[in-house]
Each structure stands twice: as C-alpha cells, then as structure tokens.
Amino acid sequence: MHEIVVLSGKGGTGKTSLVGALAALGEHQVLCDADVDAADLHLLLSPRILARHDFYAGHQAVIREDQCVQCGECLDWCRFQAISEDFVVNPILCEGCGVCQALCPVGAIDFPENHCGEWFISETRFGPLVHARLGVAEENSGKLVTLVRQEARRLAEANGLEWILTDGPPGIGCPVISSLGDASAVLIITEPTVSGQHDLERVAALADHFRMPAFVLVNKSDLHWPMAKSIHKFCDVKGYHFMGYLPFTTAFTQAQVEGKTVVEFDDNQLKSQLAELGAKLRTAVRQLNPGKE
Amino acid sequence: MIISIASGKGGTGKTTIATNLAVALEEPVTLLDCDVEEPNAHLFLKPTLYRRMDFFVEVPEIDLARCTFCGKCQEICQFNAIGILPDTALTFPELCHSCGGCFLVCPEGAVLSSQRLMGTVEIGDRGPVHFVHGRLRVGEAMAPPLIRRVRQEATDDGLTIIDAPPGTSCPVVTALWGSDLVIMVTEPTPFGLNDLELAVGAGRAMNIPMGLVINRADMGDRRVHDFAARENLPILLEIPFDRNVAETYAWGKLLVEALPEWRGMMRALFARIQEEFFAGGVDRNLEIGR
C-alpha cells in the first residue's frame, strides 16, 4: 500500500482540485481529507456518509463556582491567561495542560475530555473517503489528522486497496507534520508566484526533514513562466521529482461550482495531462517503495 | 485598533489586502504577519529588516543528580513530554506546551529550565509601515507561541493590521484573539464559502465584529453573497477577477504601486470600515496615526 499526501505550503494553489482530479482518474484507492480545519474535498466528491464518529482529544478545565474559594493561585499558574479575574475558564484560551486542576488547593476544578469534532467514513463515486470536521475554533487538529489517516490505512488494508490519496493541510506546522508520518511520498502543488515559491521551499524542506520523497507540480504556470521554470530548476538542484506544469485556467473553478472534479467537467487536454501525471506519479511511487502493493 | 485579515481558505487574498491596505493608508501603521508557518507579506512589502531575534519557549530538563524518579512531573504532563523510568528521566521537548506544571510539582527542584527554538522574529520598516513577522522553524509543529510573540508587537495606540494564517483552528484563534475587527477575505466558490462559514463561526465564538471582502467576485456563484446577507455580514469590497492583478501579484509587486486604481480602492475600503464599524464614538480609535 502506498500513500501520497498532497501538500502546498501556500493555501489556494490547487491541492483539493488536484486530489479530486487524481481521485477521478484513479482506482484501487482510499481517499482521505487531512485538511481537517477547512475540509473541502467532500464538496467535489458528494460523499454518502456510512459511519459518523465523535472525536475527543485533550481536556479542558472547568471551575466549579460553588466550590471555588477564589484564592487566585490558578491565575498565577495558568500560562495561557485562560482564567478570568472572576474565576471562569475561557475554553478558547485553555490549553488543556491541567495544571490548575492538579494543583487547586480545594479541588474545585473539573477536567472533562474535550469533544473536538467528528470524523466520517463515506462512500464516493471514486472509492471510500475518510474525512472529518474539526469543531469551531478547536485544537488538536494534528491528532484528528493522524486519526483520519489511520482509518484510511485500515480501510485500504481491509479491502486490499493499493493506494491512499490524502488531501493535506496548508502550512508546515502541526497538522502538516501529522499528515506526513509513514506516508510514501508527498506531492507538492505550487504556483509561480513569489509566495508560492517561498512556501514551496519551506514545505519541501519539511519533507526533507522527515526524509520523505517529494514530487513537485506547478499549477497556473502561465501566470509567470520565468518563475515556473525557475521552480523546475530548483527541483532539479534539490533532487525533488519535477512533475510538470498545469495551465492557469478557470476550468477548476467552474468544475468546483458544479460540484465536479475538473476531469469530469473538461474532458479534453487537461484531462489527458492529469491522467498522464497520475500514471507517472504512481509508477514513480511504486519504484520508491517496491514490494508494497 | 487592531484589524485582522483572515479567510478560512488559503489563497483568497489575505496577504494582498493586508499589505496593500497598509501601504495605501500612507500613515503610520503596524503590519504583523502572523502566518508564521508560511509568512509572505515581506515578499510584497519588501521592508528593510533591521532586527532579527530567535524565539524560544521554556521546556524542562531533568537534573538527574537531584531527581528521585517519583514521577510527579510525568503525571502532571498532559502532553507526554516527560518519561520517568526506574533509574532515569527523559524529556521530549518537541511535545512540551510550556505550561510549567512540571516545575511546580517537582518536590526536589530537579526540573531545570531549558529552551526550545521555535523560530525567529524579524522587525523592519517600509516608509510609515512598521513591519513584524515570525518565521516558524522548519520541523517545529507548534505555531501559537510564536504567533503570540508576534502579536506582542501590536501598538497600543494607532492602527495594527494582522495578516492571519489560513484555517480555523488554534493558529487562527491565536492570531485573531483580541482584534477589534476581522476582515474575512473570501472568493465566491464552494470552497471559499465552506471555509468562510467555518471562519465566521470562529469569529463569532470570539465575539469579534466581521466584514467581508469578496475577491474574484465575478468568478463562481452568488452563494457567498447570500450567506453574507443571511448572516448580516457587511460586504466591504468586491474585487473583480483581473488577470493583470494575478500576474502583478506573481511577480511580487504591490498592487497599489503597479495599478493606480488599487490605491483608491484600498483607501475606500478603509473609509468603509470606519463608517461601518467605528462611526460615532470611539473617535480615539479612528486616529490611525500616533
């Protein structure tokens, strides 16, 4: 089994549109939306939810008003300024460290487990999808990313499916790091803009940090050809596998508005280009991880 | 006054609005780039950076000469950052949230203060724009402490503009917390709308007034407009798609400098913000200068 995680560093370069297109062109696969803070893949795949689960992670302090003697110790201990002068814990600021609960001299603090969101196993026209919804302004997105990826892996193993295609989060922090562990390769989709290039360099360095093979694809290439080419050169110098150029086209947006992947919307040149890309990627990933079919 | 620029979805134009608004005002303003994972504002603002400092958080280190392996530090740590074995103690600094609990519970004073490098903070200027950003160290998972550090650079008086990270979870909450107003930059597409709904939920949970800027307003559909009407969110500005804008951005140029109409557009946006959110009263907040 091989897992390809699609990342970008910068948001809005086309991760989800690309995952949708590769999903439409692929088979023997489980799909996974690991951008749990702002999950969008379901908008292209119209999943039918088969199972829904609550996601609990971490804890949150709650002061019992009737038992609190207002000694003020917890205000001094809390490094997250989460406790107000009138001894109420702000759930948005509480880090869940439990220091106040463990040390409160009168034991007036509860520490219930935190309901942070939900995750789902669904079926789509391109195969099973594991996805999630993090609660509003919640924490622990990294743990939820790990969970949906584990479930995707479990589903792939149980059904003998060769591929997991994971839509990753933007950035390089906690959820991105959680989306990388044990993956076979990352596919970075970037754009030829100063920010696209800057962010590519950071997310590719993160892939290096975790010794993860990186493939790079330039989207919206004709916005700035000299930069698209300099990204290609950068990849050659750094040893990232360069996968080619996609055009700047409104087809992705038009497809999205209709709830379709771009290859279902536009079956001409873009579709054959993406099909070729998918095949090339799968061959290369198989070669990197021989014997894991 | 703190105005934050957020979006939910990435790539909708947060940095474009933050940088161009800051420059168009032509008055003293502080711009904080709080997208510490992928900071981009400097690529367009091109400030002269005159100060660079490493940023560390406090993490424990166990003094094995004093440690009795009682396990109290391991017990209080919710993040598995300390492991006590029968005759040794291990720390995992990358898991530590710097809550300080281990220091408080150790009866032997064996928990010593050590540091973990989170990234760097850089400070600079470009004309009247004072600029600060954080750059998270590649491989570091936790963005919020560095975001909090950058947030400390907000000015007490005058205007601070915050370029927030994408998403809706802890980094965004940390960047937006305590803002007077959030401008949500969105695009009228299904992804734009879905992520906007989540981001507006986060803004409501923090009780911060919000307004919208709809970018590439003529691509996609009308569902973002319907959502704005339903949620009573004022649409402060609509920007039509323009390939020229996309290309100017690609090259790293400021739109207010390359495309003359952008200066007026950004100033009109600021006037609209004042009228919509700060009209009548709070006149001290209206003064953007120092």
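The values are calculated or read from the model by the stated rules, or taken from the named source; none is laboratory data. Note that the coordinates shown come from a computational prediction; the quantities given were computed from them, not determined experimentally. Cβ coordinates were reconstructed from backbone atoms using ideal geometry, including for glycine residues, and neighbour counts include every protein chain displayed.
Can you tell me which residue within the range B:232-270, out of those that are among the acidic types (Asp, Glu) and within 14 Å of chain A (Cβ to nearest Cβ), is surrounded by the most Cβ atoms within 10 Å (Cβ to Cβ)? Please lay out each step first, then the result.
Looking only at the range B:232-270, we keep the residues that are among the acidic types (Asp, Glu), and these are B:238, B:242, B:247, B:257, B:261.
So of that shortlist, the ones also within 14 Å of chain A (Cβ to nearest Cβ) come out as B:242, B:247.
On the way: B:Asp242: 14, B:Glu247: 16.
Per the criteria, the residue is B:Glu247.
Could you say whether any residue in the range A:267-278 is closer than 30 Å to B:Thr19 by Cβ and surrounded by fewer than 21 Cβ atoms within 10 Å (Cβ to Cβ)? Break it down into steps so the answer makes sense when it comes.
From the range A:267-278, those closer than 30 Å to B:Thr19 by Cβ are none; that's our starting set.
The answer is no, given that none of the residues of the range A:267-278 is closer than 30 Å to B:Thr19 by Cβ and surrounded by fewer than 21 Cβ atoms within 10 Å (Cβ to Cβ).
Among the numbered criteria (1) within 26 Å of A:Lys15 (Cα to Cα); (2) outside any helix (DSSP H, G or I); (3) in contact with a strand residue (DSSP E or B) (Cβ under 7 Å, 6 or more places away or on another chain); (4) not hydroxyl-bearing (Ser, Thr, Tyr), which single criterion is violated by B:Met219?
Here B:Met219 meets the rest and fails (3).
Mind counting the residues in the range A:190-205 that are among the hydrophobic types (A, V, I, L, M, F, W, C) and either closer than 18 Å to A:Leu288 by Cα or in contact with a Lys or Arg (Cβ under 6 Å, 6 or more places away or on another chain) (or both)? Give the derivation first.
Filtering the range A:190-205 down to residues among the hydrophobic types (A, V, I, L, M, F, W, C) leaves A:194, A:200, A:203-205.
Applying the additional criterion that residues be either closer than 18 Å to A:Leu288 by Cα or in contact with a Lys or Arg (Cβ under 6 Å, 6 or more places away or on another chain) (or both) yields A:204.
Adding up the residues that qualify gives 1.
Looking at the range B:66-82, is at least one residue modelled with pLDDT of 95 or more, in a strand (DSSP E or B) and not assigned by TED's automatic domain parsing to the domain that holds B:Gln274? Working first, answer last.
Start the filter on the range B:66-82 by keeping residues that are modelled with pLDDT of 95 or more, which leaves B:66-82.
Cutting the leftovers down to in a strand (DSSP E or B) gives us B:82.
Still in the list and also not assigned by TED's automatic domain parsing to the domain that holds B:Gln274: B:82.
Yes: one or more hits.
With the requirement that a residue be of a type outside the set (Gly, Ala, Ser) and over 25 Å from A:Leu134 (Cα atoms), what does the range A:164-204 give you?
Listed by number, the residues that qualify are A:Thr190, A:Glu191, A:Pro192, A:Thr193, A:Val194, A:Gln197, A:His198, A:Leu200, A:Glu201, A:Arg202.
Out of B:Cys96, B:Cys102, which single residue is within 27 Å of B:Ile162 (Cβ to Cβ), crowded, with 17+ Cβ neighbours inside 10 Å and within 14 Å of chain A (Cβ to nearest Cβ)?
Sole residue among the options that is within 27 Å of B:Ile162 (Cβ to Cβ), crowded, with 17+ Cβ neighbours inside 10 Å and within 14 Å of chain A (Cβ to nearest Cβ): B:Cys96.
Can B:Arg290 be described as modelled with pLDDT under 95 and either over 22 Å from the mean Cα position of the chain (by Cα) or part of a helix (DSSP H, G or I) (or both)?
Values: modelled with pLDDT under 95: yes; either over 22 Å from the mean Cα position of the chain (by Cα) or part of a helix (DSSP H, G or I) (or both): yes.
Judged against the criteria, B:Arg290 is a match.
Could you tell me whether any residue of the range B:119-129 is within 12 Å of chain A (Cβ to nearest Cβ) and either within 21 Å of B:Lys14 (Cβ to Cβ) or under 12 Å from the mean Cα position of the chain (by Cα) (or both)?
First, the residues of the range B:119-129 that are within 12 Å of chain A (Cβ to nearest Cβ): B:119.
So of that shortlist, the ones also either within 21 Å of B:Lys14 (Cβ to Cβ) or under 12 Å from the mean Cα position of the chain (by Cα) (or both) come out as B:119.
Within the range B:119-129, one or more residues are within 12 Å of chain A (Cβ to nearest Cβ) and either within 21 Å of B:Lys14 (Cβ to Cβ) or under 12 Å from the mean Cα position of the chain (by Cα) (or both).
Could you list all residues from the range A:30-48 that are more than 14 Å from chain B (Cβ to nearest Cβ) and surrounded by 21 or more Cβ atoms within 10 Å (Cβ to Cβ)? Give the derivation first.
Pass one, the range A:30-48, residues more than 14 Å from chain B (Cβ to nearest Cβ): A:30-32, A:48.
Within the range A:30-48, A:Val30, A:Leu31, A:Cys32 qualify.
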